[in-house]
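Worksheet: one structure, shown below.
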Amino acid sequence: MKQNLGDEIILNIESVDSKARGIARVDGYVVFVPGALIGETVTVNIVERKKHYSVAKIKSLLKASPYRVQPRCEVYEACGGCNMQHASYDHQVKVKSSLIEDAIIRIGKWKEADIAPVIPSFLVWGYRNKAIIQARYQKGKRKLGYFARGTHDVVNLKACPILDPLINLVYANLRNAVLQSDLSFYDEERGEGLIRNFVLRSSFSMKKILLAWIISREPDDREYKMISDISNGLYKDVSPFLGGVQININPSKGNFIWGSKTQSLFGEDVLVERFENIKLRFGVSDFFQVNVLQAFRMFEIVAELAKDSKHVLELYSGVGSMTAFLASFCNDVVAVEEWRPAYESLVSNMTNNGINNVTAICGKAEDVVKTKVSGHFDIVVVDPPRTGCHKDVLNFIGRVISPKRVIYVSCNPATLARDSKILNEYGYNMENAMPLDMFPQTSHVESVVLLEK
Ligand SMILES: C[S@@+](CC[C@H](N)C(=O)[O-])C[C@H]1O[C@@H](n2cnc3c(N)ncnc32)[C@H](O)[C@@H]1O
């Protein structure tokens, strides 16, 4: 049935998609309803019409799901950060199980995959160790917060309930001080204004925070003094939690956060996270799993799966968190990481932990495998970003080194399904998939998949 913009209709929600949008069908035509849960009956208005689907906004709930709960965050409706706070945590976990099953079976075309239920997170609030706060000048006002869903409009944010409470503490003090100053915020349209972002990272085990000011140009003397004064004030207010403060200059027009020039204002320029006897350092721009307790659980799962292997190739290794676990179970590990600061942390993490069976290589996995990696590997472990593995990486694994086993760690079920299908063409079968909830209150889901020849 054709719907027009603004039409009011009643829908029954059949399922939920990977963006946590309820899905309803009207005469075979799909309607996405953000914020609706499975089993709900809703009155909606059509707000977007495309050739094959529509998007609708809930006007009223005629039948609410028993799993519907009051979102904890006061800006939840507008903010682009979380999309599942309106569902109970048990229900979120069930939805994620069906999302991963759907990706593996529908996109990946795996008929006999053994998919375990999602392992819930230890913490469901206050777990996230990283915040990227946007500072923007919009409609004549300075705003500090997250982007609204699907736009670059900033939603003013005072605190975020999924963040480590220590980050919220530092951010609250920072926010007050910055808004009291007259420092200018970045205007995306004009490419003017000084402050672009604040990045706050935390170490869960050491109770420390790193703060980076991302600014669009060299500050003048007055601006530099204000940044130093605010940072020093913060240092006094939230001591002993603030480990260090840095300034990064990013003059580019794009969305990438980091510029090439970083200067330390004071304190440390790395954090240390500890798990039993392993200590891992990471810099403010390095990748580090955002939910640390759940991440360590995942590394143990990966190391257990890899434990009978002698020679391991690990691609997309970051600062070496998983590498340290793999190295303790296997004879040797070749670890590849593209981002130079993370590679440097990887090298020092291995040395500092007395791990001497890891060869670290800095470069893009798709290039490194063609030029710097050779020899026999029993297992390849990959943990790529959301975009998945480069096709040359999959080709190298499947055709060139052809290990008996591949462990694929993924934060995106769609690219996992796509890549595992390609590996299937190279003769790998999916032995099992173990999803974990690394991102409570959102529809993201992490998985560890074992593929074997
Ligand atoms: C999802 S993280 C995994 C890191 C690590 N396994 C962990 O759990 O901490 C992906 C890592 O791959 C790196 N990366 C992204 N693209 C890459 C590429 N083409 N080649 C090598 N590394 C890449 C990123 O810098 C990041 O450190």
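The values are calculated or read from the model by the stated rules, or taken from the named source; none is laboratory data. As the structure is a computational prediction, the values presented were derived from the model and not from experiment. Note that each Cβ is placed from the backbone with ideal geometry, even for glycine, and that neighbours are counted across all protein chains shown. To get the accessible areas, we keep the full protein, side chains included, count just its heavy atoms, and leave off ligands, DNA and RNA. Shrake-Rupley method; radii C 1.70, N 1.55, O 1.52, S 1.80 Å.
A few remarks follow.
- Put simply, of THR415, THR387 the only residue that is open to solvent by less than 40 Å² (accessible area, probe 1.4 Å), within 29 Å of ALA87 (Cα to Cα) and among the polar types (S, T, N, Q) is THR415.
- The residues of region 189-236 that are over 19 Å from ALA159 (Cα atoms), open to solvent by less than 40 Å² (accessible area, probe 1.4 Å) and in contact with an Asp or Glu (Cβ under 7 Å, 6 or more places away or on another chain), listed by number, are GLY193, LEU194.
- Of the set (1) open to solvent by 10 Å² or more (accessible area, probe 1.4 Å); (2) within 13 Å of the ligand (Cβ to nearest atom); (3) among the hydrophobic types (A, V, I, L, M, F, W, C), all apply to VAL347 but (2).
- Checking VAL400, VAL382, VAL373, VAL448 one by one, the residue that is near the ligand (Cβ under 10 Å from one of its atoms), of a type in the set (A, V, I, L, M, F, W, C) and in contact (Cβ under 8 Å) with a residue 24 or more places away in the chain is VAL382 and no other.
- Any hit, region 403-410, residues being within 16 Å of the ligand (Cβ to nearest atom), surrounded by fewer than 19 Cβ atoms within 10 Å (Cβ to Cβ) and not hydroxyl-bearing (Ser, Thr, Tyr): no
- Criterion: touching a helix residue (DSSP H, G or I) at 6+ places or on another chain (Cβ under 7 Å), over 21 Å from SER420 (Cα atoms), away from the ligand (no atom under 12 Å from the Cβ) and touching a residue at least 24 places away in the same chain (Cβ under 8 Å) - qualifying residue of ASN357, ASN352: ASN357
- Taken over region 302-316, the criterion of being open to solvent by 10 Å² or more (accessible area, probe 1.4 Å) and near the ligand (Cβ under 8 Å from one of its atoms) is satisfied by TYR316 alone.
- Note on region 154-185: residues that are closer than 20 Å to ALA20 by Cβ and open to solvent by 30 Å² or more (accessible area, probe 1.4 Å) total 1.
- Taking the listed residues LEU271, LEU305, LEU315, the one that is in contact with a helix residue (DSSP H, G or I) (Cβ under 7 Å, 6 or more places away or on another chain) and either hydrophobic (A, V, I, L, M, F, W, C) or not assigned by TED's automatic domain parsing to the domain that holds VAL445 (or both) is LEU315, with no other qualifying.
- Subset tally (residues that are touching a residue at least 40 places away in the same chain (Cβ under 8 Å), over 20 Å from GLY244 (Cβ atoms) and either within 11 Å of the ligand (Cβ to nearest atom) or crowded, with 20+ Cβ neighbours inside 10 Å (or both)) for region 280-301: 5
- Residue in region 120-138 that is nearest to ARG175 (Cα to Cα), counting only those that are over 17 Å from the mean Cα position of the chain (by Cα) and either open to solvent by less than 50 Å² (accessible area, probe 1.4 Å) or at pLDDT below 95 (or both): ALA135
- Selection count where residues are open to solvent by 50 Å² or more (accessible area, probe 1.4 Å), within 29 Å of the chain's Cα centre (by Cα) and of a type outside the set (Lys, Arg), scope region 7-34: 3
- Number of residues in region 318-330 that are under 23 Å from MET430 (Cβ atoms) and either more than 12 Å from the ligand (Cβ to nearest atom) or open to solvent by 10 Å² or more (accessible area, probe 1.4 Å) (or both): the value is 3.
Yes/no matrix, rows are residues, columns are (1) assigned to a helix (DSSP H, G or I); (2) surrounded by 19 or more Cβ atoms within 10 Å (Cβ to Cβ); (3) not hydrophobic (A, V, I, L, M, F, W, C):
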| position | (1), (2), (3) |
| --- | --- |
| VAL336 | no, yes, no |
| TYR343 | yes, yes, yes |
| ASN356 | no, no, yes |
| THR359 | no, no, yes |
| VAL381 | no, yes, no |
| PHE396 | yes, yes, no |
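- Residue that is surrounded by the fewest Cβ atoms within 10 Å (Cβ to Cβ), among those in region 35-53 that are touching a residue at least 40 places away in the same chain (Cβ under 8 Å) and more than 12 Å from GLY22 (Cα to Cα): GLU48
- Any hit, region 190-198, residues being closer than 30 Å to PHE296 by Cα and not β-branched (Val, Ile, Thr): yes
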